[in-house]
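Scroll down for the structure; my scribbles are underneath it.
The values are calculated or read from the model by the stated rules, or taken from the named source; none is laboratory data. For clarity, every value in this text was computed on a predicted model and none was experimentally measured. Quick reminder, even Gly has a Cβ in these numbers, built from the backbone with ideal geometry, and neighbours come from all protein chains shown.
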C-alpha cells in the first residue's frame, strides 16, 4: 500500500480548523507515551498539564494572567507573520517594553495621578517599537535577515535588565538584591476582580485581539499584510511597497510585545527583577501559529498555551515532572501543527502500485 | 495496425468538476496526433494521466495493446513516454549537459552521456552546444534541451504541451522539421496546442475536447481553422468588429528614453525605449520572450519607477516618478504576463483580487476600511461580462483554469475604463473563444478613446489586433511601423535579432 499527496483544487477550510485541534490531541497522546517510556506517569502528566488547570476553578485566574501577555504578543506576531515578516525577537521587545515602563514608574516614584499608568503603557509600546525598528532598518537598508537580528537582540535586552537592576535602578532598600524598588500605587495595574490576581491586562488582551481581527479582515492595512505575505510580486503590482510593509509589521508586532511587557511589569511583577523574561515572547510564536495567524484564533491559542504553563507547574508539584516538560509539550504542539498543515493544501490518496511496471518488458 | 496508445473511457473527477468524462481515442505509431480544446476542456488533466502525474478514476490506458497503470512519471518514462512541458525546468546557471544529466533517472557518466546527446542531436538536426550555459540560450534553444532530454530515452510517444507559444516563426519551422523526422522513424507525437494553423500544418489527426468530453476526432488537413475552432468552443466564432472609418486621436501615452537598471543576473533591462500611442490606437510590441518585455511592463505599470518624471507621460502629465497606485489614479492600468502570483493572488478570492487593483479607481476604500460589498459587486460584473467560469466572487483565484483567470484579470482592468492600458500576453494559453472575447474587449476599449499597448509573442494576435507594431530585442525597441506595411518575415527577422543567425544585420540601430 502506498500513499501519495495530491494537491487540492481549493485549500480545505475544514482542515484549517481540524489541524490545530488534532495537533493538541496528538501532543497529548505522544506526550503520554514519551513520558511513560522514560519512567514518569505519562497519562498523569497529560492529565495534570492539560486537564487540571481547567477542572480546578482556583487555577482559572492563573490562566487569565498567563494568557494575557501570550495573546497580546501573539496577535502582533500573527500580523507580522501574515506579511512574511519573521519577527522572532518579540521576547526582546517585550523586555524593552517592560524596561521603558519601569523607567517611567521609577521617575514618577512616590507621585500620584491617573496619568502615570497611561504614560507607562505609551512608553512601553514605544520601547517595543524602537527595539523592533533595529531589525526593520537592517532588513530594509542592508537586506539583513530579520530572523537573526531580532533573535540576537533578545539576548542583548536581557543583559540590559541585568545592568539596570544592578546599578542605576537598583532598589536602595533592597539589601543588595538585584531588583528595582516596588512601584508606587499609581504605577501598578489594578486588579479587576477583587480578591483575585486578575489584572486589567486580561480584558486589554481580549480587546487587542478583537481590534486586530477587525483591522486584519476589514482594512487596507490588513489587506496589505495578507497580500504581501501571500504573493509579494502581486503586492508590488497592487501598489504596496515591500519596505513599508516590513516597517509596519515590525512596528506593530514590536509595539504589542512592548505593551505586553509593560502590562506584565506593572501587573504581576510590580518591579523589575532578573526573572522578568519568562519566554512569553517565544511561546507567543507557537500561539500565533496555533491560532492560524488569525487574531481570534490567537485568543483561543493563548488560553491553550496558558493551560500548559499552569499545568506544567501543577505537574511539577504533584507528580514531580521536570519544568522542561512544559517546553517539550509546547514544542510538540508546534511540530504537529506545522506537519499537519500540509493537509490544508493537499489530500492523502492511496495508490495501487502493483501494475506500475506492467508492460515494461 | 496495433495502437501505440489507446485510451478507453477515461474519467477524472475533481470536487465539483468533471475534468474528463468517458474520453476514448487512440494513437498509432508514427502519428502526429493533436489534442485540441479550450482552456479547462481537460487536455492537461488527460495528458497528466498518460504521463502518470495523476490517476484516472475510471477507464483504461492501453500501451501497445496491453492495459497499464502508469503510477508515476518515472513509470511513464520506463514505458517509453516522454513529455516536453510548456514551462521548462532548467537551471540557468548550469550547462546544457549538466541540466540533462540532472534530469536523467539513471546515472550515466558524463562522457558517455555527451556522446549520446551528440548522437541524438545529429540524428534529428537539433543544433546545440552541450557546454553552453543555459542562461546564454534563446527560448527556442532551451526547448531543444527539453526535447533532447526526452529523446535520450528513446521514447515511443512524445507529448508536447503548447511547444510553440514562445518561439519565433523560424524556430517553429525548425521544431516542426524535428517532429516530422521523429514521426517518420515511428515515434508517435501527442501535440497539444490551440494554434489551429500549426495543427493543420503538422498533425495527421486531431482529437477535440470540450468540457471534458471528446467532441470529435478529425483530419485537420480536411478542416478549416475556423471549423475546428467552432468545434472546440461549440458555437460560431465571432470576428473582431471594428468601427468604420476610425481616426486616431491625439498622442495619449508618450514614452521617451525610458531605461531600467539591470536587476537580476539574467534579467534584460529596458534600454532607451521611446514610442507614442495615440488615443484609440492599439500599439503592439512583438519579441521573443526574455528580451526585456517584463522590465518594460514593470517600468510602464510603475512597479519599476523611473527617476525622470517625463520619461512617461499621459496627456502631457509626467507620471515617471509615480508608483503603481499613483499611475492607476492617473488612468494607467497594466496586466503583467504572469497571472498567478503577479496579476492575481491564487490564495485569495476573486473579490479580494479585485481590491488589489481596483480599490482606488472604483471607491472600494473609505477611511482605510475596505468596502467588500463594492468589491463583490464589481467582481460579479467582471465574471458576467467576461463569461468567467467561476462559482462566484468568492471562488479562489487559484482554482480557476489559466484561461478563465486571464479573462477575469483582463475584465478587472478593462471594466475600470483606463485611459491607458498596458497588457502583456493578453491571450497566452487562452482558447480561441476566450481570446476572441478578450480581443474584442480591447478593440472596444480603444474605440472608446483609450490608448492600448499589447506586448505579445503571438504574431497572429498582434497582426489581427494592432494598428502599429514595433519589435523589442535585447531591451531595445525597433522603430514603430503601421501593421499593414510589415510582413511576418520582416518581424520574424527583427525578433530573431541577436539569437537568430539568419539576419544579424536586421537588428534595429
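For the stretch B:394-413, indicate whether the set of residues that are in a strand (DSSP E or B), without any contact (Cβ under 8 Å) to a residue 40 or more places away in the chain and surrounded by fewer than 24 Cβ atoms within 10 Å (Cβ to Cβ) is non-empty.
As a first pass, look at the stretch B:394-413 and keep what is in a strand (DSSP E or B): B:396.
Those still in the list that are without any contact (Cβ under 8 Å) to a residue 40 or more places away in the chain too: none.
No, because not a single residue in the stretch B:394-413 is in a strand (DSSP E or B), without any contact (Cβ under 8 Å) to a residue 40 or more places away in the chain and surrounded by fewer than 24 Cβ atoms within 10 Å (Cβ to Cβ).
Residue by residue, here is whether (1) under 30 Å from residue B:276 (Cβ atoms); (2) without any contact (Cβ under 8 Å) to a residue 24 or more places away in the chain; (3) part of a loop (DSSP other than H, G, I, E, B); (4) assigned by TED's automatic domain parsing to the domain that holds residue B:38 holds:
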| site | (1), (2), (3), (4) |
| --- | --- |
| B:347 | no, no, yes, no |
| B:351 | no, no, no, no |
| B:354 | no, no, no, no |
| B:377 | no, yes, no, no |
| B:380 | no, yes, no, no |
| B:384 | no, yes, no, no |
| B:391 | no, no, yes, no |
| B:423 | yes, no, no, no |
| B:435 | yes, no, no, no |
Checking the structure you have, find out if any residue of the stretch A:215-229 is more than 14 Å from every other protein chain (Cβ to nearest Cβ) and touching a helix residue (DSSP H, G or I) at 6+ places or on another chain (Cβ under 9 Å). no
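Going by the conditions given, is residue B:338 closer than 18 Å to residue A:238 by Cβ, in a loop (DSSP other than H, G, I, E, B) and either outside the structural domain of residue B:426 (by TED's automatic domain parsing) or at pLDDT below 90 (or both)?
Numbers: closer than 18 Å to residue A:238 by Cβ: yes; in a loop (DSSP other than H, G, I, E, B): yes; either outside the structural domain of residue B:426 (by TED's automatic domain parsing) or at pLDDT below 90 (or both): yes.
Spelling it out, residue B:338 is indeed closer than 18 Å to residue A:238 by Cβ, in a loop (DSSP other than H, G, I, E, B) and either outside the structural domain of residue B:426 (by TED's automatic domain parsing) or at pLDDT below 90 (or both).
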Report the residue count in the stretch A:1-48 for those that are surrounded by 15 or more Cβ atoms within 10 Å (Cβ to Cβ), assigned to a loop (DSSP other than H, G, I, E, B) and more than 13 Å from chain B (Cβ to nearest Cβ). 2
Considering every residue within the stretch B:110-132, establish whether at least one is modelled with pLDDT of 85 or more, under 29 Å from the mean Cα position of the chain (by Cα) and within 14 Å of chain A (Cβ to nearest Cβ). no
Inspect all residues belonging to the stretch A:49-65 and state whether any of them is in contact with a strand residue (DSSP E or B) (Cβ under 8 Å, 6 or more places away or on another chain), within 17 Å of residue A:266 (Cα to Cα) and part of a helix (DSSP H, G or I). yes
Sole exception among (1) surrounded by fewer than 22 Cβ atoms within 10 Å (Cβ to Cβ); (2) facing chain A (nearest Cβ under 9 Å) for residue B:384, by number: (2)
Among the residues of the stretch A:331-346, how many are in a helix (DSSP H, G or I) and more than 11 Å from residue A:16 (Cβ to Cβ)? 10
Only residues that are within 11 Å of chain A (Cβ to nearest Cβ) and at positive phi: list them for the stretch B:51-84, please. B:52, B:64, B:65, B:80
Please work out if residue B:111 is loosely packed, with under 15 Cβ neighbours inside 10 Å, assigned to a loop (DSSP other than H, G, I, E, B) and free of Cβ contacts under 8 Å to residues at least 24 places away in the same chain. no
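Residues are listed down the side, and each one gets a yes or a no for (1) at the interface with another protein chain (Cβ under 9 Å from one of its Cβ atoms); (2) surrounded by fewer than 18 Cβ atoms within 10 Å (Cβ to Cβ):
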{"site": "B:329", "(1), (2)": "no, yes"}
{"site": "B:332", "(1), (2)": "no, no"}
{"site": "B:339", "(1), (2)": "no, no"}
{"site": "B:345", "(1), (2)": "yes, no"}
{"site": "B:351", "(1), (2)": "no, no"}
{"site": "B:355", "(1), (2)": "yes, no"}
{"site": "B:366", "(1), (2)": "no, yes"}
{"site": "B:377", "(1), (2)": "no, yes"}
Which residue out of B:164, B:168 is buried (at least 19 other Cβ atoms within 10 Å of the Cβ), over 25 Å from residue B:115 (Cα atoms) and in contact (Cβ under 8 Å) with a residue 60 or more places away in the chain? B:168
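In the stretch B:316-345, which residues are in contact with a helix residue (DSSP H, G or I) (Cβ under 6 Å, 6 or more places away or on another chain) and closer than 29 Å to residue B:430 by Cβ?
Initial filter on the stretch B:316-345 (in contact with a helix residue (DSSP H, G or I) (Cβ under 6 Å, 6 or more places away or on another chain)): B:318-321, B:324, B:333-336, B:339, B:341-345.
If the condition is that a residue be in contact with a helix residue (DSSP H, G or I) (Cβ under 6 Å, 6 or more places away or on another chain) and closer than 29 Å to residue B:430 by Cβ, then B:324, B:333, B:334, B:335, B:336, B:339, B:341, B:342, B:343, B:344, B:345 are the ones that fit.
Looking at residue B:25, is it in the same structural domain as residue B:220 (by TED's automatic domain parsing), in contact with a strand residue (DSSP E or B) (Cβ under 9 Å, 6 or more places away or on another chain) and at pLDDT below 90? Spell out how you get there, then give the answer.
Working: in the same structural domain as residue B:220 (by TED's automatic domain parsing): yes; in contact with a strand residue (DSSP E or B) (Cβ under 9 Å, 6 or more places away or on another chain): yes; at pLDDT below 90: no.
The answer is no for residue B:25.
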Step by step: first the residues of the stretch A:230-242, then only those that are surrounded by fewer than 21 Cβ atoms within 10 Å (Cβ to Cβ) and part of a helix (DSSP H, G or I), then the one that is farthest from the other protein chains (Cβ to nearest Cβ). Which residue is that? A:242
Could you tell me whether the stretch B:54-73 includes any residue that is within 21 Å of residue B:402 (Cα to Cα) and assigned by TED's automatic domain parsing to the domain that holds residue B:198? yes
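Which of the following residues is under 24 Å from residue B:176 (Cα atoms) and within 14 Å of chain A (Cβ to nearest Cβ): B:48, B:43? Outline the logic, then answer.
Details: B:43 fails: within 14 Å of chain A (Cβ to nearest Cβ).
Unique residue meeting the criteria: B:48.
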Search the stretch B:1-17 for residues being within 14 Å of chain A (Cβ to nearest Cβ) and at pLDDT 85 or above, and hand back the single one that is surrounded by the fewest Cβ atoms within 10 Å (Cβ to Cβ). B:13
